[in-house]
1. So for segment 149-161 (the condition being surrounded by fewer than 15 Cβ atoms within 10 Å (Cβ to Cβ) and farther than 18 Å from Asp64 by Cβ), does at least one residue qualify?
2. Consider segment 107-133. How many of its residues are part of a loop (DSSP other than H, G, I, E, B) and at pLDDT 70 or above?
3. Can you name the condition, by its number, that Ala322 falls short on among (1) open to solvent by 20 Å² or more (accessible area, probe 1.4 Å); (2) in a helix (DSSP H, G or I); (3) modelled with pLDDT of 95 or more?
4. Residue under question is Gly223, and the condition is that it be touching a strand residue (DSSP E or B) at 6+ places or on another chain (Cβ under 6 Å) and within 30 Å of Arg146 (Cβ to Cβ); does it hold?
5. Going through segment 181-226 one residue at a time, which ones are acidic (Asp, Glu), surrounded by fewer than 19 Cβ atoms within 10 Å (Cβ to Cβ) and touching a residue at least 12 places away in the same chain (Cβ under 8 Å)?
6. Which ones in segment 141-180 are basic (Lys, Arg) and touching a residue at least 12 places away in the same chain (Cβ under 8 Å)?
7. Can you name the condition, by its number, that Ala346 falls short on among (1) small (Gly, Ala, Ser); (2) outside any strand (DSSP E or B); (3) under 29 Å from Pro99 (Cα atoms)?
Amino acid sequence: MEPSVPPHLIDQIAAGRCVAFVGAGFSAPAVPAWKALLEGLGEKATLDDDTRAWLGELAGIPFDAILTTNFDHFLVGDVPGPDAYQRILRDPPHRWWEPRFWEGEAGAPVLKLHGEVGPVGDDVVFTQRDYRERLYSSAAYMTFLRSLFATSTVLFLGVSFTDAYLNELRSEVLAMLDHRSDDAPVAYAVLPDVKPHQQRYLAHHEGLGALSYDTAGGTDWSGFENVLRQLHDATNPRALLGHAITGRRILWADSDPDDTSYGARLLADAAAARGASTRVDLTRSLEESLDSLRADPADLVIADWPLAEPLLVAMHAEDLRAPVVVFARGGPPDRRRALALGATDALTEWADLFREIERVLGSRLTPRTSTDGLG
């Protein structure tokens with residue numbers, strides 16, 4: 001039986017407050033050329049299908065950042081240093097609507113804690129001595145980890161927790177936060193074969209939520225991939241966009257659909273995945289839009305500019321109430337005029353539109369049910 005992903009973890013990822021900590025166990029068992037990589041010091045290994053799938057799923061989860069102790073090339077990232085520390089600790093949280101998480105983009109920033117084999121030029125951590133020197137010769141390194149563990153929810157992937165230094169650091173953070181047994185976990189981990197009583201102990205005494213999977217006596221490790229896929233399905237941008245519009249009716253008014261067909265299709269797909277009570281209806285003219293609103297009130301109207309201007313005026317005159325977001329992908333709208341007419345905002349970028357959809361719909365009343373004419 002596959003473990004269910006805790007809602008708290010999903011919420012933390014969606015809110016941009018979750019950092020993935022990817023250990024050597026993430027890729028080493030699945031990569032045939034691992035040993036050759038270590039011996040060759042820089043020869044890039046060929047990804048097998050399993051590793052490629054894992055990395056694809058990892059990239060689609062909107063983590064605020066990814067830390068990894070791997071020094072191979074499977075995750076492209078920065079090595080430890082002030083610039084990397086500042087980018088992860090001081091930048092605003094990376095939210096799911098950012099372009100970095102959409103198809104073809106870079107995903108979360110990656111920090112390679114043990115350096116990288118190849119042209120980066122950083123020292124690689126191979127031995128326990130190397131590790132001790134990395135931990136204790138650089139006060140900034142330990143301060144960075146301590147700060148990140150204290151302020152973010154960490155999801156450990158491919159980590160066995162046999163690292164005494166890592167466990168000591170986690171204990172310091174738990175003591176600093178005065179973690180209680182009934183508090184939400186400060187971290188989660190995908191782990192094999194953890195019994196229920198062990199999961200309770202980890203949650204109560206270690207502040208760690210264990211997502212355990214059964215390896216059938218060490219013969220089947222596919223559960224790890226299954227958990228990762230669950231996380232991806234629950235937190236990828238399309239899923240979170242679908243969650244934001246669940247049970248809603250959105251009217252998209254655009255006289256020239258070519259500029260916005262991508263977003264309209266994305267919303268329609270997200271709506272279809274959430275069931276019949278979620279709808280995205282498209283209109284192409286002022287009269288068609290008004291007729292649609294007269295027949296069936298909308299939870300949100302997205303309108304192109306300049307069609308939005310007469311639509312806002314007519315909606316006010318007829319008391320057709322719905323929040324209106326002006327979205328002009330083809331060119332900048334008159335934002336001052338749009339806001340004066342009552343629009344919630346006037347935008348040109350997809351990330352801004354998706355953020356506004358969540359902000360507006362998340363602040364409104366419970367979605368209408370099928371008895372309101374949507375079912």
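The values are calculated or read from the model by the stated rules, or taken from the named source; none is laboratory data. Predicted, not measured: the structure shown is a model, and the values here were computed from it. Because the Cβ atoms are built from the backbone with ideal geometry, glycine has one as well, and the counts that use them run over all protein chains shown. Only protein heavy atoms, including side chains, enter the accessible area calculation; ligands, DNA and RNA are left aside. Shrake-Rupley method; radii C 1.70, N 1.55, O 1.52, S 1.80 Å.
1. Checked against the condition, which is being surrounded by fewer than 15 Cβ atoms within 10 Å (Cβ to Cβ) and farther than 18 Å from Asp64 by Cβ, segment 149-161 yields at least one hit.
2. Count: 6.
3. Every condition holds for Ala322 apart from (2).
4. Values: touching a strand residue (DSSP E or B) at 6+ places or on another chain (Cβ under 6 Å): yes; within 30 Å of Arg146 (Cβ to Cβ): no.
Considered against the rule, which asks whether it is touching a strand residue (DSSP E or B) at 6+ places or on another chain (Cβ under 6 Å) and within 30 Å of Arg146 (Cβ to Cβ), Gly223 comes out as no.
5. Asp183, Asp193, Asp214, Glu225
6. Once the filter is applied, which keeps residues that are basic (Lys, Arg) and touching a residue at least 12 places away in the same chain (Cβ under 8 Å), segment 141-180 yields Arg146, Arg170.
7. Against the list (1) small (Gly, Ala, Ser); (2) outside any strand (DSSP E or B); (3) under 29 Å from Pro99 (Cα atoms), Ala346 comes up short only on (2).
Conditions (1) open to solvent by 80 Å² or more (accessible area, probe 1.4 Å); (2) touching a Pro at 6+ places or on another chain (Cβ under 8 Å); (3) among the aliphatic types (A, V, I, L, M), marked per residue:
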residue: Gly263; (1), (2), (3): no, no, no
residue: Ala271; (1), (2), (3): no, no, yes
residue: Ser277; (1), (2), (3): no, yes, no
residue: Leu286; (1), (2), (3): no, yes, yes
residue: Ser292; (1), (2), (3): no, no, no
residue: Ala298; (1), (2), (3): no, no, yes
residue: Leu312; (1), (2), (3): no, no, yes
